[in-house]
Amino acid sequence: MEECIFCKIIKHEIPAKVVNENEYVIAFEDAYPVAPVHVLIVPKKHIANIMEVNDENMVYINEIHKMIQNVAKNKKIDAQENGFRVITNYGEDGGQTVHHLHYHVIGGKRLGPKIIHE
Ligand code: 5GP
Ligand code: ZN
(Lines give C-alpha, C1' and ligand atoms only; values in the text may rest on other atoms or scores of the structure.)
(Ligands and ions follow the chains in the order given, each with its own letter.)
Protein backbone atom coordinates (compact mmCIF):
# COMPACT_ATOMS: atom_id res chain seq x y z
CA MET A 1 0.00 0.00 0.00
CA GLU A 2 2.63 2.47 -1.22
CA GLU A 3 0.18 5.31 -1.70
CA CYS A 4 -1.64 5.04 1.62
CA ILE A 5 -0.99 8.12 3.73
CA PHE A 6 -1.80 6.38 7.03
CA CYS A 7 0.58 3.48 6.18
CA LYS A 8 3.26 6.15 5.71
CA ILE A 9 2.43 7.71 9.09
CA ILE A 10 2.61 4.24 10.69
CA LYS A 11 6.11 3.80 9.22
CA HIS A 12 7.02 7.33 10.35
CA GLU A 13 7.76 8.23 6.73
CA ILE A 14 5.65 11.34 7.03
CA PRO A 15 5.27 13.32 10.25
CA ALA A 16 2.32 13.20 12.59
CA LYS A 17 1.74 14.33 16.16
CA VAL A 18 1.65 10.88 17.73
CA VAL A 19 -0.32 10.63 20.97
CA ASN A 20 0.41 6.96 21.63
CA GLU A 21 1.27 3.78 19.79
CA ASN A 22 1.95 0.12 20.35
CA GLU A 23 2.45 -3.01 18.27
CA TYR A 24 -1.12 -2.90 16.92
CA VAL A 25 -2.30 0.68 16.73
CA ILE A 26 -1.17 4.27 16.44
CA ALA A 27 -3.05 7.33 17.71
CA PHE A 28 -2.22 10.75 16.27
CA GLU A 29 -3.70 14.22 16.06
CA ASP A 30 -5.99 14.87 13.09
CA ALA A 31 -4.36 17.44 10.79
CA TYR A 32 -7.67 19.34 10.52
CA PRO A 33 -9.26 19.10 13.97
CA VAL A 34 -12.98 19.78 14.29
CA ALA A 35 -12.83 20.09 18.10
CA PRO A 36 -10.21 20.73 20.82
CA VAL A 37 -9.60 16.96 20.95
CA HIS A 38 -9.51 15.20 17.58
CA VAL A 39 -7.36 12.09 17.53
CA LEU A 40 -7.32 9.36 14.88
CA ILE A 41 -6.89 5.76 16.01
CA VAL A 42 -5.44 3.65 13.21
CA PRO A 43 -4.61 -0.08 13.04
CA LYS A 44 -1.01 -0.85 12.03
CA LYS A 45 -2.37 -3.15 9.36
CA HIS A 46 -3.88 -1.86 6.14
CA ILE A 47 -7.56 -2.64 6.66
CA ALA A 48 -9.40 -0.47 4.12
CA ASN A 49 -12.60 0.22 6.01
CA ILE A 50 -15.10 -1.11 8.54
CA MET A 51 -16.55 -3.55 6.00
CA GLU A 52 -13.15 -5.29 5.83
CA VAL A 53 -13.18 -6.14 9.54
CA ASN A 54 -13.46 -9.88 10.16
CA ASP A 55 -12.57 -12.59 12.68
CA GLU A 56 -9.01 -12.69 11.34
CA ASN A 57 -8.20 -9.03 12.01
CA MET A 58 -10.51 -8.53 15.02
CA VAL A 59 -7.50 -8.22 17.34
CA TYR A 60 -6.95 -4.76 15.87
CA ILE A 61 -10.48 -3.74 16.84
CA ASN A 62 -9.87 -4.92 20.40
CA GLU A 63 -6.69 -2.87 20.49
CA ILE A 64 -8.41 0.17 18.95
CA HIS A 65 -10.98 0.13 21.74
CA LYS A 66 -8.28 -0.07 24.40
CA MET A 67 -6.45 2.79 22.71
CA ILE A 68 -9.64 4.90 22.65
CA GLN A 69 -9.79 4.56 26.45
CA ASN A 70 -6.10 5.36 26.73
CA VAL A 71 -6.41 8.50 24.58
CA ALA A 72 -9.52 9.63 26.50
CA LYS A 73 -7.57 9.40 29.76
CA ASN A 74 -4.51 11.08 28.25
CA LYS A 75 -6.68 13.96 26.97
CA LYS A 76 -8.65 14.10 30.26
CA ILE A 77 -12.02 13.61 28.58
CA ASP A 78 -12.67 10.18 30.09
CA ALA A 79 -14.98 11.32 32.90
CA GLN A 80 -18.73 10.99 32.35
CA GLU A 81 -19.16 14.78 32.67
CA ASN A 82 -16.75 15.25 29.79
CA GLY A 83 -17.05 12.46 27.26
CA PHE A 84 -16.37 12.23 23.55
CA ARG A 85 -17.63 10.87 20.27
CA VAL A 86 -16.14 8.04 18.20
CA ILE A 87 -16.76 7.96 14.44
CA THR A 88 -15.62 5.76 11.60
CA ASN A 89 -16.71 6.85 8.14
CA TYR A 90 -17.40 4.44 5.29
CA GLY A 91 -18.41 4.84 1.69
CA GLU A 92 -19.76 7.75 -0.29
CA ASP A 93 -22.56 8.70 2.09
CA GLY A 94 -20.33 8.17 5.13
CA GLY A 95 -17.67 10.40 3.58
CA GLN A 96 -14.56 8.25 4.07
CA THR A 97 -11.67 10.07 2.40
CA VAL A 98 -8.66 8.05 3.64
CA HIS A 99 -9.09 4.40 2.75
CA HIS A 100 -7.30 2.91 5.73
CA LEU A 101 -9.62 2.12 8.64
CA HIS A 102 -9.55 4.80 11.33
CA TYR A 103 -11.65 5.95 14.26
CA HIS A 104 -12.06 9.63 15.04
CA VAL A 105 -12.08 10.43 18.77
CA ILE A 106 -13.61 13.88 19.11
CA GLY A 107 -14.23 15.90 22.25
CA GLY A 108 -13.10 18.74 24.47
CA LYS A 109 -16.27 20.72 23.81
CA ARG A 110 -20.01 20.10 23.94
CA LEU A 111 -20.78 18.41 20.61
CA GLY A 112 -24.10 19.19 19.04
CA PRO A 113 -26.41 16.74 17.30
CA LYS A 114 -24.60 17.38 14.03
CA ILE A 115 -21.69 15.14 13.21
CA ILE A 116 -18.30 15.31 11.56
CA HIS A 117 -18.09 16.48 7.94
CA GLU A 118 -21.44 18.25 8.21
P1 5GP B 1 -12.20 10.41 6.86
O2 5GP B 1 -12.79 11.56 6.09
O3 5GP B 1 -11.57 9.41 5.93
O4 5GP B 1 -13.11 9.80 7.86
O5 5GP B 1 -11.07 11.05 7.76
C6 5GP B 1 -9.78 11.30 7.32
C7 5GP B 1 -9.18 12.24 8.33
O8 5GP B 1 -7.78 12.23 8.15
C9 5GP B 1 -9.65 13.70 8.16
O10 5GP B 1 -10.23 14.14 9.39
C11 5GP B 1 -8.36 14.45 7.83
O12 5GP B 1 -8.31 15.71 8.47
C13 5GP B 1 -7.27 13.52 8.34
N14 5GP B 1 -6.04 13.55 7.58
C15 5GP B 1 -5.90 13.45 6.23
N16 5GP B 1 -4.61 13.46 5.89
C17 5GP B 1 -3.91 13.56 7.06
C18 5GP B 1 -2.51 13.63 7.34
O19 5GP B 1 -1.64 13.59 6.47
N20 5GP B 1 -2.16 13.75 8.65
C21 5GP B 1 -3.09 13.79 9.64
N22 5GP B 1 -2.63 13.90 10.89
N23 5GP B 1 -4.41 13.73 9.41
C24 5GP B 1 -4.81 13.62 8.12
ZN1 ZN C 1 -2.80 1.97 4.77
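The values are calculated or read from the model by the stated rules, or taken from the named source; none is laboratory data. Everything numeric in this text was worked out from a predicted model, so none of it was measured. When we count neighbours, we look across all protein chains shown, and the Cβ atoms used for this are built from the backbone with ideal geometry, even at glycine. Heads up: the accessible areas ignore ligands, DNA and RNA and are worked out on the full protein's heavy atoms, side chains in. Shrake-Rupley method; radii C 1.70, N 1.55, O 1.52, S 1.80 Å.
Full extension from V86 to A31: what is 0.36 nm times the residue separation minus their Cα-Cα distance, to one decimal in nm?
Details: separation 55, 0.36 × 55 = 19.80 nm, distance 1.68 nm.
Full extension from V86 to A31 adds 18.1 nm.
So if the hydrodynamic radius of the range 53-118 is defined as the Kirkwood radius over C-alpha pairs, what does Stokes-Einstein give as its diffusion coefficient at 20 °C and 1.002 mPa s, in µm² per second? Intermediate results must be reported in sequence, preceding the final value.
Details: Rh = 13.4 Å.
Translational diffusion coefficient: 160 µm²/s.
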Original post:
Using Cα atoms only, what is the angle between the long axis of helix 58-74 and the major principal axis of the chain, expressed in degrees (0 to 90) to the nearest 10?
Top reply: 30
**OP:** Loop only per DSSP, at most 13 neighbouring Cβ atoms within 10 Å: give me the trypsin sites (Lys or Arg not before Pro) in the range 32-107, ordered by residue number.
**Re:** K76
Subject >> D78 accessible area, 1.4 Å probe, all protein chains in place, Å² to nearest 10 >> reply: 90
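Give me the 1.4 Å probe accessible area per residue for the chain, excluding ligands and nucleic acids, in Å².
The answer is 63 Å² per residue.
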Original post:
Can you pull the percent of the chain's accessible area that's carbon plus sulfur, 1.4 Å probe, other chains left in place?
Top reply: 49
Original post:
Taking the radius of gyration and the Kirkwood hydrodynamic radius from Cα positions alone, what is the Rg/Rh ratio for the range 38-87, to two decimal places?
Top reply: 1.02
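Are there GluC sites (Glu not before Pro) in the range 34-117 that DSSP marks as loop and that have at most 10 other Cβ atoms within 10 Å, and which are they? Provide the component values of the computation, followed by the final result.
Values: sites: E52, E56, E63, E81, E92; in loops: E56, E81.
Passing both the DSSP loop test and the Cβ count: E56, E81.
Can you pick out the pairs among K73/K109; K17/K45; K44/K66; K44/K114 whose Cα atoms lie more than 25 Å from each other?
On the way: K73/K109 15 Å; K17/K45 19 Å; K44/K66 14 Å; K44/K114 30 Å.
In this structure, K44/K114 lie more than 25 Å apart at Cα.
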Original post:
If contacts are Cα pairs under 8 angstrom and at least 6 residues apart, what is the relative contact order of the chain in percent?
Top reply: 29
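Once you have the Kirkwood Rh of the chain from its Cα pairs, apply Stokes-Einstein at 4 °C and 1.567 mPa s and quote D in µm²/s. Mind showing how you got there, number by number?
Details: Rh = 14.6 Å.
Estimated diffusion coefficient is 89 µm²/s.
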**OP:** Mind putting a number on the dipole of the chain about its Cα centre? Charges go on the C-beta only, +1 for Lys and Arg and -1 for Asp and Glu, and I need it in Debye to the nearest 20.
**Re:** 620
**OP:** Please give the contour-minus-distance gain from M58 to V18: 0.36 nm per residue of separation, less the Cα-Cα distance, rounded to one decimal in nm.
**Re:** 12.1 nm
